[in-house]
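One structure below.
The values are calculated or read from the model by the stated rules, or taken from the named source; none is laboratory data. Since the model is a prediction, treat every value here as computed from it, not as a measurement. Don't worry about glycine lacking a Cβ; one is built from the backbone with ideal geometry, like all the others, and counts go over all protein chains shown.
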Amino acid sequence: MDFLLITMKLVKYFPENNVISSNINEDQAFEFVSRLKLTNKKSIYEFARGIDNDGILNVIYKENRVFRTKNVWYEKRAISVLSKLHNYDFYHSYKLEWKGFDTEIDAISLDKKIAVEIKRKKLNNKNIDFLEEKAYSLGFEKLIIIAPKFNSVNKKDNTQLFQFRPSYLPILRYYNNEYIVWKTFWKNSAQRHFRFLLANGRWKPQRRRYTNTSKWQAANRLIKEINYYHHKYVNPIKIYYSLSRHIGPLNEFEGKGYPISRYIAAFDIDGEHLGNHIIGDVGYCENCRKDAINKKNAFLKYLNKNGFEFEVFNSGAKGYHIYLTRNKEILELGQEEMENIIKDNLDYVDSFLSKKTQEFDQHRIFKVPYTVDGSTGYIVSNEEKKIIFDDELVKL
Ligand SMILES: [Zn+2]
């Protein structure tokens, strides 16, 4: 199964609890609902629900959020190149209603005249027809379709097709030539779990422990694995580590690492704002960034007041990572200390507390310092440093 093709899920509920589910595209979903006798939806996750000609209940579920996040890097990078090309910004994932159903356009220009659809699969004539019908009946003047490949280039005059070719080489060059080893972070790395979010959306664990020896620095073992994945044509887009130390860090990929309740004292600050997010050349939403800056300032005020030392890192996107330190060394804290700092700052920092128990999540992962966020190019570091991608948009 090629997971990149999944956008929605169709579930048929047969008698006697027999259920059949299949993955479908949005064009198939719109075609399918026209043959159903529709009934009221039961949750926000449902696109449509109805009875077919055989009296069987059919429910179509919207795109899964976990799956979506996996492709966001591709969308963001394509929008960023397009924005550079046209010299204007776009709303990202613009929600609207079409034919009485919730739908989304991957990006639209701020003047709402241009619709942009970014698909991570080879598009055929039928796919293009569907996207054109959707965009033009919604009143857009122009449609830009971006995909890795096209089976057909049949299109209307106002439609532009672009082939997107993201490049990983600038990121690889950074790791091999410029990566900074933050010594205090790598001290106990042999006990931490590391994992990669790859360009194809899959997660992969580290293959061995990142131990410091006289011959090998732990950080070099990470760089070696990045090169390994690159040569297998599945480049890491984001790289994470566990805040907790583990007895068996390699087993933590299955959640069985046996965490020791001592955590790197790192806190995540994320920005949010109401309304549509705008993405331009910078690769993240500036309005979200403003919110993150306000939250960061409030949290730093708290830390200063309570006598903490800290390092401020940008998170690689719109937010911040705050590391508590003492004499320039990363601080490790126990369960209760972590929980108390979060509880004092719930308005500003991401809550890593379990909703049920209000305890700190022992399995919490965080982006590795000085690695690159492959969706924006920003290096997770204490300065605003960005890798310049040489992604190509080729007009067909
Ligand atoms: Zn925003």
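If you scan region 13-28, which residues turn out to be outside any strand (DSSP E or B) and in contact (Cβ under 8 Å) with a residue 40 or more places away in the chain?
Kept after step one, since they are outside any strand (DSSP E or B), are these residues of region 13-28: 15-17, 25-28.
The answer is ASN25, GLU26, ASP27.
Within region 261-290, which residues are more than 24 Å from ILE105 (Cβ to Cβ) and either under 17 Å from the mean Cα position of the chain (by Cα) or within 8 Å of the ligand (Cβ to nearest atom) (or both)? So that I can check it myself, show each step before the final result.
Initially, region 261-290 is screened for residues more than 24 Å from ILE105 (Cβ to Cβ), giving 261-270, 290.
Within region 261-290, ASP268, ILE269, ASP270 qualify.
Just to be sure before I move on: is ASN154 in contact with a Phe, Trp or Tyr (Cβ under 9 Å, 6 or more places away or on another chain), surrounded by fewer than 19 Cβ atoms within 10 Å (Cβ to Cβ) and modelled with pLDDT under 95 in the structure I sent? Step through it out loud before you land on a result.
Numbers: in contact with a Phe, Trp or Tyr (Cβ under 9 Å, 6 or more places away or on another chain): no; surrounded by fewer than 19 Cβ atoms within 10 Å (Cβ to Cβ): yes; modelled with pLDDT under 95: yes.
For ASN154, the condition - in contact with a Phe, Trp or Tyr (Cβ under 9 Å, 6 or more places away or on another chain), surrounded by fewer than 19 Cβ atoms within 10 Å (Cβ to Cβ) and modelled with pLDDT under 95 - is not met.
Please count how many residues of region 318-367 are among the basic types (Lys, Arg), in a loop (DSSP other than H, G, I, E, B) and in contact with a Lys or Arg (Cβ under 9 Å, 6 or more places away or on another chain). Talk me through it step by step, then tell me what you get.
Initial filter on region 318-367 (among the basic types (Lys, Arg)): 318, 326, 328, 343, 355-356, 364, 367.
Narrowing the set further to residues that are in a loop (DSSP other than H, G, I, E, B) leaves 318, 328, 355-356, 364.
Retained after the next criterion (residues that are in contact with a Lys or Arg (Cβ under 9 Å, 6 or more places away or on another chain)): 318.
The number of residues fulfilling the criteria is 1.
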All conditions in (1) in contact with a Pro (Cβ under 7 Å, 6 or more places away or on another chain); (2) surrounded by fewer than 21 Cβ atoms within 10 Å (Cβ to Cβ); (3) not in a helix (DSSP H, G or I) are true of PHE196 except (2)
Would you confirm whether any residue within region 257-271 is out of contact with any helix residue (DSSP H, G or I) (no Cβ under 6 Å at 6 or more places or on another chain), under 18 Å from ASN188 (Cβ atoms) and polar (S, T, N, Q)?
no
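Of these, LYS37, LYS84, which one is in contact (Cβ under 8 Å) with a residue 12 or more places away in the chain and in the same structural domain as PRO148 (by TED's automatic domain parsing)? First the steps, then the outcome.
Details: LYS37 fails: in the same structural domain as PRO148 (by TED's automatic domain parsing).
Just one listed residue meets the conditions, LYS84.
Restricting region 131-158 to residues that are small (Gly, Ala, Ser) and part of a helix (DSSP H, G or I), which is nearest to ASP111 (Cα to Cα)?
Taking region 131-158 first, the residues small (Gly, Ala, Ser) are 135, 137, 139, 147, 152.
Then drop every residue that is not part of a helix (DSSP H, G or I), which leaves 135, 137.
Working: ALA135: 15, SER137: 17 Å.
My answer is ALA135.
Scan region 159-188 for residues that are among the aliphatic types (A, V, I, L, M) and part of a loop (DSSP other than H, G, I, E, B) and jot them down. Full working, then the answer.
The first filter runs over region 159-188 and keeps only residues among the aliphatic types (A, V, I, L, M), leaving 161, 169, 171-172, 180-181.
Of everything in region 159-188, those that are among the aliphatic types (A, V, I, L, M) and part of a loop (DSSP other than H, G, I, E, B) turn out to be ILE180, VAL181.
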